[in-house]
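Down below is the structure, laid out as structure tokens.
The values are calculated or read from the model by the stated rules, or taken from the named source; none is laboratory data. Remember, predicted model here, so these are calculated numbers, not experimental data. Glycine also receives a Cβ, built like all others from the backbone with ideal geometry; neighbour counts cover every protein chain displayed.
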Amino acid sequence: MTRNLPLGVVLVSITLAGVGCQGASEPEVTADAAADVAPTRNIPTFRVDPDWPQVPAEWKLGDVSSIAIDLDDNAWLLHRPRILPVEDADVTAPPVVGFDPDGAFLRAWGGAAEGYDWPQREHGIHIDQEGYFWLGGNNCIARNLPRLEPVDDDQILKFRSDGEFVMQIGRASASGGNADSENLHAPADVFVHAPTNELFVADGYGNHRVAVFDADTGDFKRMWGAFGNVPEDNDQCPPPSLDSVPDGPGPQQLSIVHALRVSNDGLVYVADRENRRVQVFTIDGEYLDQVVWGEAAFARNLALSPDPLQQFLYVGGGAGVMVFDRQSLDFLTTIEGNGVIGPGHQIQTDSQGNLYIAATGSGFQRLLFTGVVPATTE
């Protein structure tokens, strides 16, 4: 089944107005419902946290590309130090920077060292159920970006919470394409599914597949592409951006596999960013459903609400973060407004339902979850 959202679709819009990222006044939250929303439909509400986090004054961060949340609801930012000017080297924070739930600085670590290939262009970070950190990058040689080595980021790294190296899957500049079971190719995101102890990789910018590995050994297990098809090679570096997508189910191959999440009930949600769609699979790669929104940029990222049923699926799209009923894929609301920095590059939730947005060049912020309210026609 394909669910194409019609042009201009808006069921409920949550606007967080009058708030900057830091140091602003308390935001106002309003919910305006269209006439066709069922009175019993619940939607999540948020307010911007203007005081999060407290970055040490002596440090500077590059573009924050991703945020991971650990079991204690500490937030760990992955940023790109090499984007900062050379003269800022003494005040540049290490790539991984942690903050406690109150936003206070914890510690920082990461960067190039002997024994592993640190990514040239940091992209995604994830913390699994055992507290291990997983991260990767999306550099490709043809990008030719300043201060980056001419290296393809074809690996995923695993660390302990203190930055001790554990394991590497793949090697820099070693990809053999989508059929390669040992290397990645500019992987964008990862997620460890605890019940099966499997690492799911959104692989990514160079490859166009979901790749699955054993989270302990790194052994390859399986892969798939759009609609469960065998993924085909189409390595474009840097990848093109699409201005629009045609009506219908879309191409039979994935474009940039930018994010993924695995739900508690074993469904894999995949953000196919340039094709502006989210596809849903079983953990074995059987295609189930998708939602396509061609009006504007969509499927930039994914996150799931932390309630036991994970009733909300968050997807970066348009001017904000769109919210869907996870099981039905019905569109519910858009979280947007003057205080929200936009749809983000990667997003994440914590155990309290708070939503974190890493927006690369636009900054980063936390939206505090304030509960659910019924969507009414009033």
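Candidates Ala57, Ala89, Ala112, Ala93: the one that is in contact with a Lys or Arg (Cβ under 8 Å, 6 or more places away or on another chain), free of Cβ contacts under 8 Å to residues at least 40 places away in the same chain and over 17 Å from Gly344 (Cβ atoms) is Ala93. For the stretch 148-177, a residue qualifies if it is buried (at least 20 other Cβ atoms within 10 Å of the Cβ) and of a type in the set (Lys, Arg), and exactly one does: Lys158.
Looking at the stretch 181-201, is at least one residue of a type in the set (D, E, K, R) and touching a Ser or Thr at 6+ places or on another chain (Cβ under 7 Å)? Taking every residue of the stretch 181-201 in turn, none turns out to be of a type in the set (D, E, K, R) and touching a Ser or Thr at 6+ places or on another chain (Cβ under 7 Å).
Candidates Ala89, Ala142: the one that is surrounded by fewer than 21 Cβ atoms within 10 Å (Cβ to Cβ) and closer than 29 Å to Asp235 by Cα is Ala142.
Does Asp289 satisfy the criteria of being charged (D, E, K, R), assigned to a loop (DSSP other than H, G, I, E, B) and at pLDDT 95 or above? Outline the logic, then answer.
Working: charged (D, E, K, R): yes; assigned to a loop (DSSP other than H, G, I, E, B): no; at pLDDT 95 or above: yes.
Answer is no for this residue.
Restricting to the stretch 195-209, give me the number of residues that are in a strand (DSSP E or B) and within 20 Å of Pro240 (Cα to Cα). Residues in the stretch 195-209 being in a strand (DSSP E or B) and within 20 Å of Pro240 (Cα to Cα): 3 in total. For Ala186, the stated conditions do not hold, so it cannot be described as out of contact with any strand residue (DSSP E or B) (no Cβ under 6 Å at 6 or more places or on another chain), among the aliphatic types (A, V, I, L, M) and over 22 Å from Ala68 (Cα atoms). Taking each residue of the stretch 278-296 that is within 19 Å of Phe220 (Cα to Cα) and among the aromatic types (Phe, Trp, Tyr) and looking for partners that are outside any strand (DSSP E or B) and modelled with pLDDT of 95 or more with beta-carbon atoms closer than 8 Å, six or more apart or interchain, yields Phe281/Gly228. Within the stretch 108-123, identify whether any single residue is in contact with a helix residue (DSSP H, G or I) (Cβ under 8 Å, 6 or more places away or on another chain) and aliphatic (A, V, I, L, M), and answer yes or no. Looking through the stretch 108-123, none of the residues is in contact with a helix residue (DSSP H, G or I) (Cβ under 8 Å, 6 or more places away or on another chain) and aliphatic (A, V, I, L, M).
Can you tell me how many residues within the stretch 294-307 are modelled with pLDDT of 95 or more and farther than 19 Å from Ala375 by Cβ?
Keep residues of the stretch 294-307 that are modelled with pLDDT of 95 or more, which gives 298-307.
With the extra rule that they be farther than 19 Å from Ala375 by Cβ, the set shrinks to 298-304, 306.
Number satisfying all stated conditions: 8.
Only residues that are touching a residue at least 60 places away in the same chain (Cβ under 8 Å) and under 16 Å from Ala271 (Cβ atoms) were counted across the stretch 304-326, and they come to 3.
At least 2 residues being among the hydrophobic types (A, V, I, L, M, F, W, C) and at pLDDT below 75 is the threshold, and among the strands (runs of 3 or more DSSP E) wholly inside the stretch 1-90 those reaching it are 12-17, 28-33. For the stretch 308-325, taking the residues that are under 17 Å from the mean Cα position of the chain (by Cα) and within 17 Å of Gly371 (Cα to Cα), the one that is surrounded by the fewest Cβ atoms within 10 Å (Cβ to Cβ) is identified as Gln310.
Within the stretch 161-188, which residues are part of a loop (DSSP other than H, G, I, E, B) and closer than 30 Å to Asp72 by Cβ?
Step one: filter the stretch 161-188 for residues part of a loop (DSSP other than H, G, I, E, B), giving 161-164, 170-188.
The answer is Ser161, Asp162, Gly163, Glu164, Gly170, Leu184, Pro187, Ala188.
Exactly one residue out of Leu260, Leu254, Leu313, Leu309 is of a type in the set (A, V, I, L, M), closer than 21 Å to Ile69 by Cβ and assigned to a loop (DSSP other than H, G, I, E, B), and it is Leu309. How about the stretch 178-201: which of its residues are of a type in the set (Gly, Ala, Ser) and surrounded by fewer than 22 Cβ atoms within 10 Å (Cβ to Cβ)? Listed by number, the residues that qualify are Ala179, Ser181, Ala194.
Within the stretch 355-378, being in a loop (DSSP other than H, G, I, E, B) and not aliphatic (A, V, I, L, M) holds for Gly361, Ser362, Gly363, Thr376, Thr377, Glu378.
May I ask you to say which residue of Asp284, Asp235 is acidic (Asp, Glu), surrounded by 15 or more Cβ atoms within 10 Å (Cβ to Cβ) and in a loop (DSSP other than H, G, I, E, B)? First the steps, then the outcome.
On the way: Asp284 fails: surrounded by 15 or more Cβ atoms within 10 Å (Cβ to Cβ).
One residue alone meets the criteria, Asp235.
Residues of the stretch 190-229 being over 18 Å from Leu304 (Cα atoms) and either touching a Phe, Trp or Tyr at 6+ places or on another chain (Cβ under 6 Å) or without any contact (Cβ under 8 Å) to a residue 24 or more places away in the chain (or both), which ones? Answer for the stretch 190-229, where residues must be over 18 Å from Leu304 (Cα atoms) and either touching a Phe, Trp or Tyr at 6+ places or on another chain (Cβ under 6 Å) or without any contact (Cβ under 8 Å) to a residue 24 or more places away in the chain (or both): Asn197, Val210, Val212, Phe213, Asp214, Asp216, Thr217, Asp219, Phe220, Lys221, Phe227, Gly228. The condition of being within 23 Å of Gln279 (Cβ to Cβ), over 16 Å from the mean Cα position of the chain (by Cα) and not in a strand (DSSP E or B) does not hold for Gln352.
Let's see how each residue does on (1) buried (at least 19 other Cβ atoms within 10 Å of the Cβ); (2) modelled with pLDDT of 95 or more; (3) under 23 Å from Val166 (Cβ atoms):
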{"residue": "Ala215", "(1), (2), (3)": "yes, yes, yes"}
{"residue": "Gly228", "(1), (2), (3)": "no, yes, no"}
{"residue": "Gly248", "(1), (2), (3)": "no, no, no"}
{"residue": "Asp265", "(1), (2), (3)": "no, yes, no"}
